[in-house]
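The values are calculated or read from the model by the stated rules, or taken from the named source; none is laboratory data. All of these numbers come straight from a predicted model, not from anything done at the bench. Don't worry about glycine lacking a Cβ; one is built from the backbone with ideal geometry, like all the others, and counts go over all protein chains shown. All accessible areas refer to the heavy atoms of the entire protein, side chains included, with ligands and DNA or RNA removed. Shrake-Rupley method; radii C 1.70, N 1.55, O 1.52, S 1.80 Å.
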Amino acid sequence: GPAIGLDVEVLDEAGNPAPEGELYIVPPSIGLSQSLLNRDHYQTYFADAPRSPSGRRLRKHGDHFRRLPGGYYEAGGRTDDTMNLGGIKVSSLELERAINLVPGVRESAAVACSTGGGPDTLVVFLVLADAAAAEPETVWLTRLNQAIREQLNPLFKVGQVCLVPH
């Protein structure tokens, strides 16, 4: 949950309050930077941030969050984390959303591995539901590529799947 003295807003892509979306900090708050070394503070945190529905200035946080019952939040990863797959920029968050809809997947992490020029290789780390854990990585590779092809872009391809025990 938010720290003492910290107010946050979760907004959807249109800038409306939502149970899931990008997290923004409502300044002022203890511990927020006032300047940056070698970067423009305003451009980094405020230039692209919307105003809250009540008109308050918001500070970009950069993470995707989901509100949970009881005042808790679940972090979903960086909203500005992109990779180059098939010559197209895509965020790891978009990929993980599509992957997490595949039956048997409990959690995923999409990671781009640089090939030294050209498109990155997509490696997906999977935590599976217990019943699905017995299937080999090659089966998951096929399922994930089908899900990404159908939900995002046929040019995106998972190069490797790594099963992570839970």
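Please specify each residue of the stretch 110-166 satisfying the condition of being among the hydroxyl-bearing types (S, T, Y) and within 19 Å of A98 (Cα to Cα).
Filtering the stretch 110-166 for residues among the hydroxyl-bearing types (S, T, Y) gives 114-115, 121, 138, 142.
Within the stretch 110-166, T121, T138, T142 meet the criteria.
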Q: Return the pairs, sorted by first residue and then second, in which the second residue is assigned to a helix (DSSP H, G or I) and surrounded by 13 or more Cβ atoms within 10 Å (Cβ to Cβ), the first residue lies in the stretch 134-159 and is of a type in the set (F, W, Y), the beta carbons are less than 7 Å apart, and the residues are 6+ apart or on different chains.
A: F156/I148
Q: Evaluate the stretch 115-123: report whether one residue or more is part of a strand (DSSP E or B), under 20 Å from R78 (Cα atoms), open to solvent by less than 50 Å² (accessible area, probe 1.4 Å) and touching a Ser or Thr at 6+ places or on another chain (Cβ under 8 Å).
A: no
**Q.** Filtered residues of the stretch 56-68 (kept if crowded, with 16+ Cβ neighbours inside 10 Å, among the basic types (K, R) and either more than 19 Å from S91 (Cβ to Cβ) or at pLDDT below 85 (or both))
**A.** R59, R67
Q. Among all residue pairs at least 6 apart or on different chains, which show Cβ distances below 6 Å where the first residue, located in the stretch 117-132, is modelled with pLDDT of 90 or more and the second is open to solvent by 10 Å² or more (accessible area, probe 1.4 Å) and part of a loop (DSSP other than H, G, I, E, B)?
A. F125/V164; V127/V164; V127/H166; L128/G104
**Q.** Scope the stretch 19-35; condition farther than 18 Å from R78 by Cβ, at pLDDT 90 or above and surrounded by 15 or more Cβ atoms within 10 Å (Cβ to Cβ); matching residues
**A.** V26
**Q.** the stretch 69-97: number of residues that are touching a strand residue (DSSP E or B) at 6+ places or on another chain (Cβ under 9 Å) and open to solvent by less than 60 Å² (accessible area, probe 1.4 Å)
**A.** 13
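I'd like to know if the stretch 48-55 contains one or more residues that are basic (K, R) and surrounded by 11 or more Cβ atoms within 10 Å (Cβ to Cβ). Spell out the reasoning first.
Here is the first cut: in the stretch 48-55, the residues basic (K, R) are 51.
So of that shortlist, the ones also surrounded by 11 or more Cβ atoms within 10 Å (Cβ to Cβ) come out as 51.
Within the stretch 48-55 (the criterion being basic (K, R) and surrounded by 11 or more Cβ atoms within 10 Å (Cβ to Cβ)), the answer is yes, since at least one residue qualifies.
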Q. Has the stretch 130-146 got any residue that is farther than 23 Å from N16 by Cα, in contact with a helix residue (DSSP H, G or I) (Cβ under 8 Å, 6 or more places away or on another chain) and assigned to a helix (DSSP H, G or I)?
A. yes
Q. Consider D130 against the criteria (1) in contact with a Pro (Cβ under 8 Å, 6 or more places away or on another chain); (2) open to solvent by 80 Å² or more (accessible area, probe 1.4 Å): it satisfies all of them except one. Which criterion is unmet?
A. (1)
